[in-house]
Amino acid sequence: MNAGRRDNDQPLLSVRNLAVTFQLRGQHAAKAVDDVSFDIRAGQHVGLVGESGSGKSVTSLAIMGLLPRRGVRVSGEVMFDGTNLLSKSRGEMSALRGRDISMVFQDPMTSLNPVIPIGIQVAEIIQRHFNASKSAALERTEELLARVGIPDPRRRLGEYPHQLSGGMRQRVLIAMALACEPRLLIADEPTTALDVTIQAQVLEVLKKLVADTDAALLMITHDLGIVAGLCDTVNVMYAGRVVESATRERLFAQPQHPYTGGLLESIPKLDSPRGAPLRPIPGSPTQVLPWSEGCAFAPRCGNRTEECTARTPDLDPAGDRHLRCFNPLSRTAAEARR
Amino acid sequence: MLRFVLKRIALMVPVLLGLSVLLFAWVRALPGDPARALLGERANPESIARVTERYGFDEPLLEQYLRYLGALVTGDFGSSIRTGQSVTESFLERFPATVELALAALLFAVLVGIPVGYLAARHQGRPLDTIVMSGSLLGVATPVFFLAILLKLVFADWLHWLPTSLRQDARIDATHLTNFYVLDGLLTREWDAAWDAMVHLVLPGLALGTIPLAIIARITRASVAEVLNEDYVRTAESKGLTRRLISRRHVLRNALLPVVTTIGLQAGLLLSGAVLTETVFAFNGMGEYLFDAIGQRDYPVLQGFILFIALIYALINLLVDLAYGLIDPRVRVS
Ligand SMILES: Nc1ncnc2c1ncn2[C@@H]1O[C@H](COP(=O)(O)OP(=O)(O)OP(=O)(O)O)[C@@H](O)[C@H]1O
Ligand SMILES: [Mg+2]
């Protein structure tokens, strides 16, 4: 799909052993992200999936350098274009954000400033990074709004967020994020807060703009349907760690981690008989053990053995993918692992 | 916009009318007979009867009220029982003093309170925040008259940096057009007079402004702290905007909304709350005059002044609502 863009051997973004710990005063330290590693190549579309609370947003905020400075400990490496973002100064990060990496957030209702016209909110990022005059930036904003499918963009420039629907607002946020043609766009569940019918439209817009600007995409979602339609490779996260990572084709054809398998089974299928029961993953994410006492998914896992609660599995190469599991769904993978 | 303003002003009419009824009833419910309060305890019955008749205190209340209202409609607020001076005139003489003082206090409170509150919010939980928060608690808790006397003692009586009392040095031959002394000095280009009037405002302004300062600082801190956690601030950060632009455009504008309301409320309170400060600094504003009027049951002065103050209150409220609309498009009136 993106073969032409994958000529460069060095990944654009390379996350290595990323860990984020929240240490609020008077509370226990809480590890939200632990040992997360994955790569994104230029122009590649990568999915990051996992259920609520698995650490997807925290991972993306850590990459962007947007986690609060106080009470948060970040370790590991986030290599972007050959330099470690975690060791950059505040000023360097701010020059890079919006220009080289930008982000679309989950909730369009709260992500725009309610008291500033949307035209200004898009134009200011162009002014900041391209040194453009206000009028030039507004002109470009008008073009961008037209490209994300906002009707009558000139009039919309002066309107405020409360005058726009949720779908329109998310289009504005997409225009904003792609205004400076960044090399990497992180989209954190960009359609979760929208109506189902609007979701598809907004996703189309996002897809089109990402393709137009040649940006790489990190798509964060818990919707495997979105992943199936958009991503080249997929990382599955559970309880703050990546448990399986593979190309989309391999992952959907043959999930190996029992958690991935559960995720795929829990999608209602069009061809299953009517009234057939949905198959949710048993247990709930609150039944999670820390990774220090074996596999965190063990309490909910059908393939669990004694080994799973005795040792902690690593993310190791397993044939066509990376896998963090002692008892994967198919034996071939298990053998490849040994 | 203009229609909104006119509608709001029209709405003030019934409010003020109702207030005039309440006031009329209230001053007459004050214990004590006005004629006796005026003439003293040992006045003879004849003179008391004469005064009572002259001001119509023996007529039925409804009749008295209707006569008062009839005069009000023509802009006549009556005249003082004590001095015979017209209420409007004495109001215009004293009101500017109080307004000048209240404005000085408010300016001090706003110019210091907002930046300090903002800094505290940016330094949440660190020493600066703690200092600001405990300082503001102290500010709210200090009685105004105590602070006024203390300031006067230190800066006027001991250090002689600032004048002890009055609105202007008597030796300055100043022309007074509006009775706003600072404004008068500027209008007539008598710079020394304007400067002197400002210098006289410093201590009373500080004394009167301390409580509003503390309140504004606290509200600003809370409001900024809340806005800093908003998603749209994170969006602004994700765009790589400079910290200055984020503060000015994205944080402060939103955070100022509740602060504007507070400033309006405080402005109203300052107008009516300046009595003690005016007394300490012999400022000759409305506070003291009104206070004496209560003591002597000066019905026309009480009614007139309080109506005036209510009108100003309503106008300040209107200004606050208009300012709100300027900042927040969601409440903007079309
Ligand atoms: N500011 C914070 N302080 C303390 N803990 C936090 C903070 N932000 C996130 N967490 C914790 O980090 C964990 C991961 O949260 P995160 O938001 O990354 O999940 P997510 O995968 O994005 O979930 P969702 O699908 O609901 O968005 C959660 O357990 C959450 O409680
Ligand atoms: Mg999230």
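See the values below:
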quantity: Answer from B:Thr175, B:Thr210 - the residue that is modelled with pLDDT of 85 or more and polar (S, T, N, Q); calculated: B:Thr210
quantity: Evaluation of A:Asp9 against (1) without any contact (Cβ under 8 Å) to a residue 40 or more places away in the chain; (2) within 9 Å of ligand 1 (Cβ to nearest atom); (3) not small (Gly, Ala, Ser) (one fails), failing number; calculated: (2)
quantity: Subset of the range B:253-289 [at pLDDT below 85, out of contact with any Asp or Glu (no Cβ under 7 Å at 6 or more places or on another chain) and of a type in the set (Gly, Ala, Ser)]; calculated: B:Gly268, B:Ser272, B:Gly273, B:Ala274, B:Ala282
quantity: Positions within the range A:84-104 being in contact (Cβ under 8 Å) with a residue 60 or more places away in the chain and over 14 Å from A:Arg183 (Cβ atoms), in sequence order; calculated: A:Val104
quantity: Pick from the range B:113-147, criterion open to solvent by less than 60 Å² (accessible area, probe 1.4 Å) and closer than 12 Å to B:Ile211 by Cα, ranking: nearest to the chain's Cα centre (by Cα); calculated: B:Val144
quantity: Residue within the range A:258-277 that is modelled with pLDDT of 85 or more and open to solvent by 40 Å² or more (accessible area, probe 1.4 Å) present; calculated: no
quantity: Which listed residue, of B:Leu276, B:Leu265, B:Leu257, is within 14 Å of another protein chain (Cβ to nearest Cβ) and in a helix (DSSP H, G or I); calculated: B:Leu257
quantity: Residues satisfying the stated conditions in the range A:156-169, i.e. assigned to a helix (DSSP H, G or I) and either more than 12 Å from every other protein chain (Cβ to nearest Cβ) or farther than 22 Å from A:Arg128 by Cβ (or both); calculated: A:Arg156, A:His162, A:Gln163, A:Gly166, A:Gly167, A:Met168
quantity: Considering residues of the range A:34-60 that are of a type in the set (Val, Ile, Thr) and more than 7 Å from ligand 1 (Cβ to nearest atom) only, the residue farthest from A:Glu77 (Cα to Cα); calculated: A:Val49
quantity: Where A:Leu12 falls short, out of the listed (1) away from ligand 2 (no atom under 16 Å from the Cβ); (2) more than 23 Å from A:Ser292 (Cβ to Cβ); (3) in contact with a helix residue (DSSP H, G or I) (Cβ under 8 Å, 6 or more places away or on another chain); calculated: (3)
quantity: Wholly enclosed strands (runs of 3 or more DSSP E) of the range A:37-154 bearing at least 2 residues more than 12 Å from chain B (Cβ to nearest Cβ) and open to solvent by less than 10 Å² (accessible area, probe 1.4 Å); calculated: A:45-49, A:72-80
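The values are calculated or read from the model by the stated rules, or taken from the named source; none is laboratory data. Model, not experiment: these values are computed from the prediction. Cβ sites come from the backbone with ideal geometry, for glycine too, and all protein chains shown count toward neighbours. Each accessible area value is taken on the protein alone, full model and side chains, heavy atoms only, with ligands, DNA and RNA left out. Shrake-Rupley method; radii C 1.70, N 1.55, O 1.52, S 1.80 Å.
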